[in-house]
Ligand SMILES: Cc1ncc(COP(=O)(O)O)c(C=O)c1O
């Protein structure tokens, strides 16, 4: 897919114009920002009233509100079916099972994602296999996926990482070439629009999370979107202990669990939806502003996204940090940035293939017997993911979505803080020369 371009650096934007060296906050200087960033979640009296009404209704399960929310969310994404459930992890498990994935099968997932993308595969008895990501987007790389395909591959799960739509044209082509379904992990991509379409339109289904940190939340919750009627029927049944529409209460067709979304959570999601479009727009506007401004600073490269993505969900705002250009290790840069009042972090410390669960270190090895032969079925130390490893070790810098809910002028504090650190690094280098 095509990519946006970043703007060339200028001395002014880099903070390299002549003048005295500014003292950094860690050296006792004045921090760029002392005001707090917007909190998350955002709650008002209508939210409280919605939950309170649900409590007073006395109907705490049974699903009317969950059905209403699922349909609203599906309509928002222009997808036919929405099936609500109790987490993003269960959404992935249910969707994978509904595609027929099970024991003996392999599912290709990115090494750079939240662990649930892979754990959901393990929990249905299949084997996750890791592929690498693209260095400019941090999204799953179709070329790496193609190298990982075997005769046992039964699904590919690209994640729209941080809210940037993955290369779905590339994955659809791979899916068609090898007859493998594509399942979208859209846990970061609520409301995203690319080329006039949203998650659920590209893959056979898309899975969302409404866990506390997510761009739309009720504490814990999940949802599957699909345009496939047969997959939707399977998912509805699996969420609801194998029942089927029109079937009797004690009539069970599939090995489903009770994965239903509760009434109070659904009421809260319906209420939270009121402000979602404005929040989504604000995050993206602020993200675009940061892309343009931070992209002019030497040593900082905002992640690229498809130029056709008209709404980027910005669950995370991520830039690539070049420690050689700054002459500072990333950890030190982050300490300086945090002291200037910008709450940035490194994100994942290692790729998923390096987590103890997959590398075999730690608690996993202490379990009596081995409960997961499908975990042993794959040699994770052979999964080559050099881009992921580099990013985790020294490159990625994350800001969470709530920072992007601030006013447009607050974004300048982020730009000023990075520019200030960049300028002091340059001055220090010049003085040492
Ligand atoms: C990319 C990704 N996939 C899946 C999940 C799982 O969602 P949940 O925490 O609701 O189970 C998360 C989130 O936490 C996530 O970030």
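So how do 151, 98 line up by other beta-carbon neighbours within 10 Å, fewest first? It would help to have the intermediate numbers written out before the result.
Details: 151 6, 98 27.
In increasing order of surrounding Cβ atoms, one gets 151, 98.
Could you put 429, 214 in order, starting from the residue whose Cβ has the fewest other Cβ atoms within 10 Å? Write down the numbers at each step before the final one.
Working: 429 11, 214 22.
The fewest-first ordering by Cβ neighbours comes to 429, 214.
If you average the sequence gap of Cα pairs under 8 Å that are 6 or more apart and divide by the length of the range 45-274, what percent do you get for the contact order? Result for the range 45-274 is 26 percent. For the chain, the relative contact order comes to 23 percent (Cα pairs under 8 Å, sequence separation of at least 6).
By the beta-carbon count within 10 Å of each Cβ, the least crowded to most crowded order of 115, 193, 51, fewest first, is 115, 51, 193.
Say R0 is 45 Å: what FRET efficiency, to the nearest 0.05, do residue 332 and residue 359 get from their beta-carbon distance?
Values: r = 28 Å, r/R0 = 0.62.
Using R0 = 45 Å, I get an efficiency of 0.95.
Against the chain, whose longest principal axis comes from its Cα atoms, helix 229-239 is set at around 90 degrees. Axis of helix 168-178 versus longest Cα principal axis of the chain: the two differ by about 50°, to the nearest ten degrees. Highest mean packing comes first when the peptides 67-80, 219-232 are listed by Cβ atoms within 10 Å, giving 219-232, 67-80. Label separation (residue 57 vs residue 195): 3.9 nm, computed from points 7 Å beyond Cα along the C-beta direction.
Length gained on full extension, residue 115 to residue 258, computed as 0.36 nm times the residue gap minus the Cα-Cα distance: 49.2 nm.
Of interest is the spacing of the C-alpha centroids, which for the range 33-48 and the range 193-268 amounts to 28 Å. Peptide packing: for 296-304, 172-180, the average count of neighbouring Cβ atoms within 10 Å per residue gives the ranking 296-304, 172-180, highest mean first. In this calculation the C-beta distance from residue 310 to residue 123 is compared with R0 = 35 Å, giving a FRET efficiency of 0.50. Counting only alpha carbon atoms, the long axis of helix 330-339 and the longest principal axis of the chain meet at about 80°.
Between the beta carbons of residue 377 and residue 410, assuming R0 = 51 Å, the FRET efficiency works out to 0.55 to the nearest 0.05.
Scoring 203-210, 158-165, 351-358 by mean Cβ neighbours within 10 Å over their residues and listing the highest first yields 203-210, 158-165, 351-358.
Each value in this text was obtained by applying a stated rule to the coordinates, not by laboratory testing. The structure presented is a predicted model; accordingly, all values stated were derived computationally and were not measured. Note: ideal-geometry Cβ built from the backbone for every residue, glycine included; neighbour counts use all protein chains shown.
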